[in-house]
């Protein structure tokens, strides 16, 4: 029975593994993939999905998995939420595509108005819609340069902003994401993020004064970069691909003060952390900052391709013809996003905060039991477990992490890696305390099985 904003309960037992993994049908499709599909799309586990509902993913052999990955934090309302499916079907029956660059249609304006209304930014706001997180990052970079007349853009070590050229130039999560693709976009610099478990300047969180920002303020701004040439600083309020890292509580306010001092635009990349994942609609709300732009994607459309840049009215001013998108703000994706926002505001954001606290508490207990767990961190349902070979040296344990991911898969739990040796837990925001208990029990067994 449906309990809006929650979907109907799944009509069966989960997780439930009925065949060896991968099963026979899965093996057949994986072999076909190996012959034809681009080889860069490598997988951590051999899952071949047939269907999904709510918290459950079913493979082509009938095995059921509890999903704590959510399509990389994307399926915010659960798989195939009836309200989202209804909105998609109704819109597809009326208008699939016409291109907002050339013609108006209501659902585009409806979504822009709603995003402007909820965005935690002071003053008037405008919205541009596009297709993916990387495209939204490119949009923000172009806008920052054209509005300020400045060239330089600052990002952070550990950041992930996408794989198109401008976004890849800002990305600094892993060398493999950049290797062989240079030269990159010029005038892009990187500085330290407040990664407290592995403090880049060897401070203790309880006594530090966010000295990690001093690489930017005391080194770059004193020796190699004139801050008057910096158009923007782009930051993830909680780092995603870099390791699910909530920063020191003073980091973002101090960064904002620095930007204000020098007339630098502050861009919050909420692609992974936004849309309720942290127990607030926007992760930046935990830190009390007021950015000049916000970038959204992933969870905004419950799996449909859509992204947005929200900017102050004074910032969102383009040269005529300077930017556009053929598919951006597609009518069907807009309808999905509007349905998603109604569900998020109807209770799923609050659920993420409540269930996330339960998840972190359970994982802290697991940390006391398994020496491999060096750190448990997160906000809401954006939670990371960092694995280490030794808690004293904090040496990363990527091989052991992979073992835990595979062992969890074999027991029916879907999880993903991030950072050098972190497991990310980012289930749909419909997750219950019972789902958390199942997931933690599986993780307990998976950690115990590591050799």
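The values are calculated or read from the model by the stated rules, or taken from the named source; none is laboratory data. Since the structure is predicted, the reported quantities are computational estimates derived from the model, not experimental observations. Quick reminder, even Gly has a Cβ in these numbers, built from the backbone with ideal geometry, and neighbours come from all protein chains shown.
Kindly provide the set of residues from the range 362-374 that are touching a helix residue (DSSP H, G or I) at 6+ places or on another chain (Cβ under 9 Å) and in a helix (DSSP H, G or I), ordered by number.
Once the filter is applied, which keeps residues that are touching a helix residue (DSSP H, G or I) at 6+ places or on another chain (Cβ under 9 Å) and in a helix (DSSP H, G or I), the range 362-374 yields 362, 363, 365, 366, 369.
Need a quick list: strands (runs of 3 or more DSSP E) entirely within the range 223-318 having at least 3 residues that are in contact with a helix residue (DSSP H, G or I) (Cβ under 6 Å, 6 or more places away or on another chain) and modelled with pLDDT of 95 or more.
230-235, 265-269, 307-312
Does residue 451 satisfy the condition of being surrounded by fewer than 22 Cβ atoms within 10 Å (Cβ to Cβ) and either at pLDDT below 95 or in contact with a strand residue (DSSP E or B) (Cβ under 7 Å, 6 or more places away or on another chain) (or both)?
Values: surrounded by fewer than 22 Cβ atoms within 10 Å (Cβ to Cβ): yes; either at pLDDT below 95 or in contact with a strand residue (DSSP E or B) (Cβ under 7 Å, 6 or more places away or on another chain) (or both): yes.
Against the criterion (surrounded by fewer than 22 Cβ atoms within 10 Å (Cβ to Cβ) and either at pLDDT below 95 or in contact with a strand residue (DSSP E or B) (Cβ under 7 Å, 6 or more places away or on another chain) (or both)), residue 451 qualifies.
Looking at the range 421-442 only, could you name the residues that are within 13 Å of residue 366 (Cα to Cα) and either surrounded by fewer than 16 Cβ atoms within 10 Å (Cβ to Cβ) or within 22 Å of the chain's Cα centre (by Cα) (or both)?
436, 437, 439, 440, 441
What is the number of the single condition among (1) under 20 Å from the mean Cα position of the chain (by Cα); (2) assigned by TED's automatic domain parsing to the domain that holds residue 54; (3) surrounded by fewer than 24 Cβ atoms within 10 Å (Cβ to Cβ); (4) part of a helix (DSSP H, G or I) that residue 377 does not meet?
(4)
Filtering the range 169-191 down to residues that are in contact with a strand residue (DSSP E or B) (Cβ under 7 Å, 6 or more places away or on another chain) and part of a loop (DSSP other than H, G, I, E, B), which residue is surrounded by the fewest Cβ atoms within 10 Å (Cβ to Cβ)?
So the first thing to find is which residues in the range 169-191 are in contact with a strand residue (DSSP E or B) (Cβ under 7 Å, 6 or more places away or on another chain), and the list is 169-170, 172, 187-191.
The next check asks that each one be part of a loop (DSSP other than H, G, I, E, B); those that pass are 172, 187.
Numbers: 172: 21, 187: 16.
Among those that are in contact with a strand residue (DSSP E or B) (Cβ under 7 Å, 6 or more places away or on another chain) and part of a loop (DSSP other than H, G, I, E, B), it is 187.
Going through the range 31-76 one residue at a time, which ones are free of Cβ contacts under 8 Å to residues at least 60 places away in the same chain and part of a loop (DSSP other than H, G, I, E, B)?
To start, the set of residues in the range 31-76 that are free of Cβ contacts under 8 Å to residues at least 60 places away in the same chain comprises 31-43, 46, 48-53, 56, 58-62.
Answer for the range 31-76, where residues must be free of Cβ contacts under 8 Å to residues at least 60 places away in the same chain and part of a loop (DSSP other than H, G, I, E, B): 37, 38, 39, 40, 41, 42, 43, 46, 48, 60, 61, 62.
Quick check on the range 389-396. Is at least one of its residues crowded, with 22+ Cβ neighbours inside 10 Å and either modelled with pLDDT of 95 or more or outside any helix (DSSP H, G or I) (or both)? Break it down into steps so the answer makes sense when it comes.
The first filter runs over the range 389-396 and keeps only residues crowded, with 22+ Cβ neighbours inside 10 Å, leaving none.
So far as the range 389-396 goes, no, none of its residues is crowded, with 22+ Cβ neighbours inside 10 Å and either modelled with pLDDT of 95 or more or outside any helix (DSSP H, G or I) (or both).
Of the conditions (1) under 18 Å from the mean Cα position of the chain (by Cα); (2) not in a strand (DSSP E or B), residue 129 satisfies every one except a single condition; which number is it?
(2)
Pick out the one residue from 142, 125, 94 that is closer than 27 Å to residue 187 by Cα and modelled with pLDDT of 95 or more. Steps first, answer last, please.
Details: 125 fails: closer than 27 Å to residue 187 by Cα; 94 fails: closer than 27 Å to residue 187 by Cα.
Every option except 142 fails the conditions.
(1) over 26 Å from the mean Cα position of the chain (by Cα); (2) part of a helix (DSSP H, G or I): which one isn't true of residue 97, the others all being true?
Looking at each condition in turn, residue 97 falls short on (2).
Determine, yes or no, whether residue 104 is assigned to a strand (DSSP E or B) and on the phi < 0 side of the Ramachandran plot. Even if it seems obvious, please write down each step before you answer.
On the way: assigned to a strand (DSSP E or B): no; on the phi < 0 side of the Ramachandran plot: yes.
No; evaluated as a whole, the condition is false for this residue.
In the list 401, 451, which residue meets the criterion of being in a loop (DSSP other than H, G, I, E, B) and without any contact (Cβ under 8 Å) to a residue 60 or more places away in the chain? Before the answer, list the steps.
Working: 401 fails: in a loop (DSSP other than H, G, I, E, B).
Only one candidate passes the filter, namely 451.
Considering (1) within 27 Å of the chain's Cα centre (by Cα); (2) buried (at least 18 other Cβ atoms within 10 Å of the Cβ); (3) at negative phi, say which one residue 60 fails and leave the rest.
It is condition (1) that residue 60 fails.
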